[in-house]
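Accompanying notes for the structure given below.
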Amino acid sequence: MHRFRRVLVALGAVVASVTVSVGGVATASTPSSSGAQSSHLTGDGTWPGLGTVCEHGPGGTATARGVGAHSINIATFADPGNTAAPGLNKEFFQLAGAFAKWCNAAGGIDGRAIVVHDRDGALFNAAQVTDEACQQDFMSVGGGLVFDQSAVSVRVGCGLEIPSYVVSNEADSAALQVNPQGIRVDEIEAGWYSALGRRYSSAVKHFGIGAANEPSILDPTRKWEQAAEQQGWKVLYFQEPPFTVADWSPYVAEDQSKGIEALETPTGTNVQAFFQAMQTAGYHPTFIFLGIGIPENLGKQSYDVSVSGPLPPIYFATQNWPFELASQSPGLEQLIGLMRTDARGDTIDTNDEYAVDAWLLFAKAASACGANLTVSCVLDHAASRTNWTGGGVYAPIARLAPSNHRPTPSDCFLLMQVKGSAFSYDKADTRPNDQIWHCDPKSLFPVSSGNS
């Protein structure tokens, strides 16, 4: 389940974005006072907090599929070619190209240049593009497929991946994979529900939640529901709208009629239309929670742009370092510098954080293997990393582990609030105890699939 990546992570479950312009002009979500306006990029293959990531070396022999004496073929998965949400997760391709350019300029992986192949699943071709990667690529790094369930057996059969996100339970716990976010099927971080419950102790007894009626989207949201209930929230209604909705009015009417006061929207990326339907109906819950991460279009469509009348307080949780606090993270500043230098004109968003997290993990692990580069060596070194933060872009994880070995997720989070046309760090409700994060093993909760 993507932390992101109900966000990550796409259409209600996976991707998210706090977006800034590479050209240096802030959008509504990143005001000009934000640390995201500065950028720092080292050109020597080093990354803050990680030391040397890429460097010159002798290369080696052809040790595995996709590995040559002086090159490594890597697949990056995304879904931009679909017609339902064109461009979906294209940032994974953009970051992959930028990272490869930066890394190769510093010498590559011990003298082997990274050659990226963009593998577009277009939502419904996950197994097909995974099979194509299995014919040519050493591993898959820094991407993900929204409907990834059908691709798991194909990928495991050929041994690929360090993903940016996974969605289905099958992908969560698959073999031959180290997820840099420490995702686990049966345990999740969800301490934000307790944090919001302190502020809205009455409203959380009237909780409404939902997600698109697609298994890979619905199941993660059911797990958030379980975690909320374990923290004293009372679920009065769970909505399951179809994947695309033309008119949100009936769904708003259901929430309103059932007296939902704490609302976790079931909308995916179509938040604006949902909010407009709320205004039309005169529905005003006590507060709105957008889940872990935020809908992809939020950076462009801040929450007060075209709805008439006020909205209740709006929150979201995240385990990605916010762009609004970039000045406090040298690693995030380096990511911004990387994109501005090697992907000029592309947006910079949370997907880039997920992607660079995976790429840095791969590069550190692959470099440790030296000339004898194999999948098992890379995965062994990746799984041995401790206190992993993706170079300063993700909440701390005590120790990574293979996805099928019950990794322990990060027990850290923070809350953000939408205020006017900007996002702001909700320090008061986060109660940070580790840099900007609130970290507590007690905020990890057991969950199961198929809850109804």
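The values are calculated or read from the model by the stated rules, or taken from the named source; none is laboratory data. All of these numbers come straight from a predicted model, not from anything done at the bench. Here Cβ is always computed from backbone atoms with ideal geometry, including for glycine, and neighbour counts include all displayed protein chains.
Overview of values
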quantity	calculated
Pair list, Cβ < 6 Å and 6+ apart or interchain, from segment 85-106 residues that are on the phi > 0 side of the Ramachandran plot to residues that are crowded, with 24+ Cβ neighbours inside 10 Å and among the small types (G, A, S)	N89/A78
Failed criterion for R222 (all others in (1) basic (K, R); (2) more than 21 Å from the chain's Cα centre (by Cα); (3) surrounded by 16 or more Cβ atoms within 10 Å (Cβ to Cβ) hold)	(2)
Leading residue by the ranking (nearest to P396 (Cα to Cα)) among those in segment 302-318 that are surrounded by fewer than 24 Cβ atoms within 10 Å (Cβ to Cβ) and at pLDDT 90 or above	Y315
Unmet criterion (only one of (1) in the same structural domain as P313 (by TED's automatic domain parsing); (2) farther than 20 Å from P313 by Cα) for S202	(2)
Count - residues of segment 114-158 that are closer than 22 Å to A69 by Cα and buried (at least 20 other Cβ atoms within 10 Å of the Cβ)	8
Yes/no for L123 being within 20 Å of W359 (Cβ to Cβ) and in a loop (DSSP other than H, G, I, E, B)	no
Some residue of segment 178-185 being modelled with pLDDT under 90, more than 27 Å from M416 (Cα to Cα), hydrophobic (A, V, I, L, M, F, W, C) and assigned to a loop (DSSP other than H, G, I, E, B)	no
Evaluation of T46 against (1) surrounded by 20 or more Cβ atoms within 10 Å (Cβ to Cβ); (2) at pLDDT 95 or above; (3) under 24 Å from the mean Cα position of the chain (by Cα) (one fails), failing number	(1)
Odd one out for V418 among (1) in contact with a helix residue (DSSP H, G or I) (Cβ under 7 Å, 6 or more places away or on another chain); (2) crowded, with 19+ Cβ neighbours inside 10 Å; (3) in the same structural domain as A228 (by TED's automatic domain parsing)	(1)
Among (1) over 20 Å from the mean Cα position of the chain (by Cα); (2) in a loop (DSSP other than H, G, I, E, B), the one test that T408 misses	(1)
Boolean, D79 is surrounded by fewer than 24 Cβ atoms within 10 Å (Cβ to Cβ) and either in the same structural domain as T341 (by TED's automatic domain parsing) or farther than 26 Å from V393 by Cα (or both)	no
Residue under evaluation D342, criteria (1) in contact with a helix residue (DSSP H, G or I) (Cβ under 6 Å, 6 or more places away or on another chain); (2) at pLDDT 95 or above, criterion not met	(2)
Test result for I348, under 20 Å from the mean Cα position of the chain (by Cα) and at pLDDT 85 or above	yes
In segment 141-161, the residues that are among the hydrophobic types (A, V, I, L, M, F, W, C), part of a loop (DSSP other than H, G, I, E, B) and in contact with a Ser or Thr (Cβ under 6 Å, 6 or more places away or on another chain)	F147, L160
Restricting segment 381-395 to residues that are of a type outside the set (A, V, I, L, M, F, W, C) and within 19 Å of the chain's Cα centre (by Cα), the residue that is surrounded by the most Cβ atoms within 10 Å (Cβ to Cβ)	G390
Segment 214-228 residues that are at positive phi, paired with ones that are modelled with pLDDT under 95 and hydroxyl-bearing (S, T, Y) (beta carbon under 6 Å, 6 or more apart)	none
Of residues in segment 90-119 being over 16 Å from E161 (Cβ atoms) and among the acidic types (D, E), the one modelled with the highest pLDDT	D110
Number of positions in segment 397-413 that are over 14 Å from P441 (Cα atoms) and either out of contact with any helix residue (DSSP H, G or I) (no Cβ under 8 Å at 6 or more places or on another chain) or among the β-branched types (V, I, T) (or both)	2
Test result for S164, under 30 Å from P242 (Cα atoms), among the small types (G, A, S) and in a loop (DSSP other than H, G, I, E, B)	yes
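The rows are residues; the columns are (1) touching a strand residue (DSSP E or B) at 6+ places or on another chain (Cβ under 8 Å); (2) of a type in the set (A, V, I, L, M, F, W, C).
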| position | (1), (2) |
| --- | --- |
| T350 | yes, no |
| V356 | no, yes |
| F362 | yes, yes |
| C369 | no, yes |
| N372 | no, no |
| A383 | no, yes |
| Y394 | yes, no |
| I397 | yes, yes |
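Listed here are the residues, each with its yes/no results for (1) small (G, A, S); (2) touching an Asp or Glu at 6+ places or on another chain (Cβ under 9 Å); (3) under 18 Å from G291 (Cβ atoms).
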position	(1), (2), (3)
A398	yes, yes, no
R406	no, yes, no
M416	no, yes, yes
D429	no, no, yes
P432	no, no, no
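Quick grid of which residues meet (1) farther than 17 Å from F99 by Cβ; (2) in the same structural domain as G107 (by TED's automatic domain parsing):
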| site | (1), (2) |
| --- | --- |
| I336 | no, yes |
| M339 | no, yes |
| T350 | no, yes |
| A363 | no, yes |
| T374 | yes, yes |
| N387 | yes, yes |
| A398 | yes, yes |
| D426 | yes, no |
